[in-house]
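One structure is given below, encoded as structure tokens.
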Amino acid sequence: MARLLEFGGPLVFAFWVYCVITVLMSRDDEVEHLPKIGWLVVVLLFPLVGGLAWVIIGRTPSTAARSSYDRAVPHYPEYDRPGRFAGTTPESDEEFLRKIRERAEEQRRKGREMRPSAEPDTSAD
């Protein structure tokens, strides 16, 4: 029994610290069933049971970390791939669109240059 307490005590303490930190670090929209302060009180007063309740029902299941380049709510989820560039500010979006327009104009100019200027029309009846 003493061995169980020697090993279990630090595990429960580490779990309790983990739960307190995750409650404090979570955003309000990631918390379910109670307000964030309510979960903090539950976890602080009941370390093992409150921590288990927090892990099982207190937070949303999809709390995956997003990078700074991911869109918060993608309009077209089929295009929202990990590592794909997404502008985080209106200025970066405008710069990206400007570069796309410049590239398209360059491709049109090259296409006009490669096309023969005066081809005789051979499709007449």
Two-site label geometry, L34 and L4: point separation in nm, points 7 Å out along Cα→Cβ:
2.7 nm
When the chain is fully extended, how far beyond the present Cα-Cα distance does I100 get from R115, taking 0.36 nm per residue of separation?
3.1 nm
Work through the residues other than R103 whose Cβ is under 12 Å from its Cβ and net out their charges, Lys, Arg +1 and Asp, Glu -1.
+3
Want the number for R27 to I56: 0.36 nm per residue separation, take away the alpha-carbon distance, what's left?
8.8 nm
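Bear in mind that the values in this text are calculations on the coordinates, not laboratory data. Bear in mind the structure is a predicted one, so any value in this text is a computation, not a measurement. With ideal geometry, Cβ positions are generated from the backbone for all residues, glycine too; neighbour counts draw on all protein chains shown.
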